[in-house]
1. Go through B:ARG305, B:ARG252 for me and flag whichever is free of Cβ contacts under 8 Å to residues at least 24 places away in the same chain and among the basic types (Lys, Arg).
2. Within segment A:244-259, is there a residue that is touching a Ser or Thr at 6+ places or on another chain (Cβ under 9 Å), part of a helix (DSSP H, G or I), under 17 Å from A:ALA120 (Cα atoms) and within 14 Å of chain B (Cβ to nearest Cβ)?
3. Keeping to segment A:100-142, report how many residues are surrounded by 19 or more Cβ atoms within 10 Å (Cβ to Cβ), closer than 20 Å to A:LEU190 by Cα and among the hydroxyl-bearing types (Ser, Thr, Tyr).
4. Out of all the residues in segment B:141-155, is one or more touching a residue at least 12 places away in the same chain (Cβ under 8 Å), within 14 Å of chain A (Cβ to nearest Cβ) and not in a helix (DSSP H, G or I)?
5. Kindly indicate whether A:THR97 is of a type in the set (Ser, Thr, Tyr) and without any contact (Cβ under 8 Å) to a residue 40 or more places away in the chain.
6. Checking B:GLY58 against (1) out of contact with any Gly (no Cβ under 7 Å at 6 or more places or on another chain); (2) at pLDDT below 90, which single condition isn't satisfied?
7. Which members of segment A:263-319 meet the condition of being aromatic (Phe, Trp, Tyr), within 18 Å of the chain's Cα centre (by Cα) and either part of a helix (DSSP H, G or I) or surrounded by fewer than 20 Cβ atoms within 10 Å (Cβ to Cβ) (or both)?
8. Restricting to segment B:101-132, name every residue that is in a loop (DSSP other than H, G, I, E, B) and touching a strand residue (DSSP E or B) at 6+ places or on another chain (Cβ under 7 Å).
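The values are calculated or read from the model by the stated rules, or taken from the named source; none is laboratory data. From a predicted model like this one, the values you see are computed outputs, not experimental measurements. Note that each Cβ is placed from the backbone with ideal geometry, even for glycine, and that neighbours are counted across all protein chains shown.
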Amino acid sequence: MLAFIIRRIGQALVVLLAVGFVSFSMFKFMGDPLENLLGQEATMSDRAELAERLGLNDPIVVQYTRYLTRVLDGNLGISYRAGLPVGKIILERLPATLELAFLSGVLAIGVGITFGIYTAIHRDGIITNAIMTISLIGVSLPTFLIGVFLIWAFAVNLDWLPAFGRGPTGNFLGMELAIVTWGGFKSMILPAVTLGLYQMTLIMRLVRSEMQEVLRADFIRFARARGLSERAINFRHALKNTLVPVITVTGLQLGSIIAFAIITETVFQWPGVGLLFINAISFVDIPVMSAYLLLVGTIFVFINLIVDLLYFGIDPRLGPTGGEGRHRA
Amino acid sequence: MLSTRNCDNAVSVSPILTVSDLIVEFPTRKGILRPVDRVGFEIDPGEILGIVGESGAGKSMCGSAIVGLIDRPGRIGGGEISLSGQRIDNLSNDRMRRIRGKKIGMVFQDPLRSLDPLKTVGDQIVETIRTHLPVSAAEARRRAVAALEEVGIPAAANRIDAWPHQFSGGMCQRVVIALALAAEPALIIADEPTTALDVSVQAQIMALLKRLCRGRGTAVMLITHDMGVIAETTDRVAVLYAGRLAEIGPTRDVLSNPSHPYTIGLMTSTPKPTGGIERLSQISGAMPSLRDIPKGCAFSPRCGRAFAPCYRNIPVLEPAARTEVACWLYDEEYAKDAANLEGTGHD
């Protein structure tokens, strides 16, 4: 198992290096840094001198290594637009995105798994059919449309919840979070639902189909023959076996909740890193874009790593005495 | 080895399981199919009854019906099932659940897939014991170790915390047997318990099952298509064909002196352990699909001795030489006709 973890971390590092390279190359290929710095009036010799001074003539590998050392030092560059260190800007914005992603993740997993189990066990009830029909909307409507619709319904017409913004924040564990204040929490509900709805329905449909599959398995039949209660069969045996494939997808979905918060944050003007990224694009603020890419890449790799390790906690066949590798399906 | 039924003067024991006129139905778009059609038999306490038949003859469906585990949309369409004199075919799901595992244990074909892969074997035995018996967790665990020892798992006290994937097929089936016997049921329904196992392990598992059940006086309904297993293990045997009971009787008699033409065909197509090299015959044709069971006797189109009534009416079980047979050849009324027909050189 240790060997697996080490190998898996090694793989993660390789992926991170590749992501880092893409971030790095954004500086090289998107726009001309010399022109940005010197303006159009500069002479060729000015350009050559600056390029030499900035080390732009060195081999790519050398430049990339220099970039990596800089990033690992926590220096992500200076935002072209704000003139502030990118690391600082992102750190300021990150809590907003993380708490939003956290709430939608909890919603998506909680509601998704609950409804998934319910619809798997009660296959043809009225409630099941209703849930399944509504969930179709969740998977098929684009996020921004759902967001706009929710604003129209709950903010404009019913006036229950704020239409945009983050509301007041409170200090929690050294971070400024909206979720700890009532007003902030209220402002979070609509964006969180918007952001998590797709994942929620996806998880629900996945749990449902996986669990129905498991409920047809021989060991469930044998569990019935042993006289176990339906409750024990559904929750002690079927659910645990359902979770192995569900965890993979859910992990990836959590990553994409953070990554694709861009749209939701734009719709609700939620001051997180997604909104930061969108604004950075319109100003070609390459250091911010590049840092965002790096951040999202790192989060994805990190979540994948955790998901892989979770398998060990759930599936004994992957343990020290079982076969290795995660692809068993 | 003698079943109580073999001795005429035996005190009549009330059977542990009585199945009479059992019908299992599956409604489909093209009408109702009957994988089990008016099957009746009894199993005495401690007796081992074999159920043989080809794939699709309704053997497993019989077993599922008895424990109330027919997959939907299938249902029991008629007949009665009684366990120790109490009717169980009309019980609620919850009451039936208390009988499953407690009074009727089951063993399935594929041991590797019968166990939950994500629970240790100990957990699974303990939960079965605690479902049916009011014992503490510690006591249940102690019993689980004892149960594993009894089915011949070496170092049971250590192996109890092992996962199913750490066991071989044979060892898994031992665990499954331990599970089936965990709550000391009066009847075990073993559905092809050795089919998925290596040939070398099959005999061990059958011997184990037989030894344990004999030791506890547990009755066994052994569903198989393996004539060797039938010959070695069972007291009586019931032959199913296309969902109907063709012949039932003491194993020795059914094997050596079968009366039903289908059983006869079955026997001559099975190599005898004692016999030398001889050519095996085969029954021509195939068992009809449930969709087009012929009118009259289901075996009639393949039967070399079929005559008029066979194509008209479904035969009922009647005593023949030493067994009970559902065949018009043994019906007194028709017997003469049949004899005449055969006498005139009917093939």
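1. B:ARG252
2. no
3. The total comes to 2.
4. Start the filter on segment B:141-155 by keeping residues that are touching a residue at least 12 places away in the same chain (Cβ under 8 Å), which leaves B:141, B:143-145, B:147-148, B:150-153.
Subset that is within 14 Å of chain A (Cβ to nearest Cβ): B:144, B:147.
So of that shortlist, the ones also not in a helix (DSSP H, G or I) come out as none.
Looking for residues that are touching a residue at least 12 places away in the same chain (Cβ under 8 Å), within 14 Å of chain A (Cβ to nearest Cβ) and not in a helix (DSSP H, G or I), one finds none in segment B:141-155, hence no.
5. So A:THR97 does not fit the description; no.
6. Failed condition: (1).
7. A:PHE277, A:TYR292, A:PHE300, A:PHE302
8. So the first thing to find is which residues in segment B:101-132 are in a loop (DSSP other than H, G, I, E, B), and the list is B:101-103, B:108-110, B:115-120.
Selection gives B:LYS103, B:PHE108, B:GLN109.
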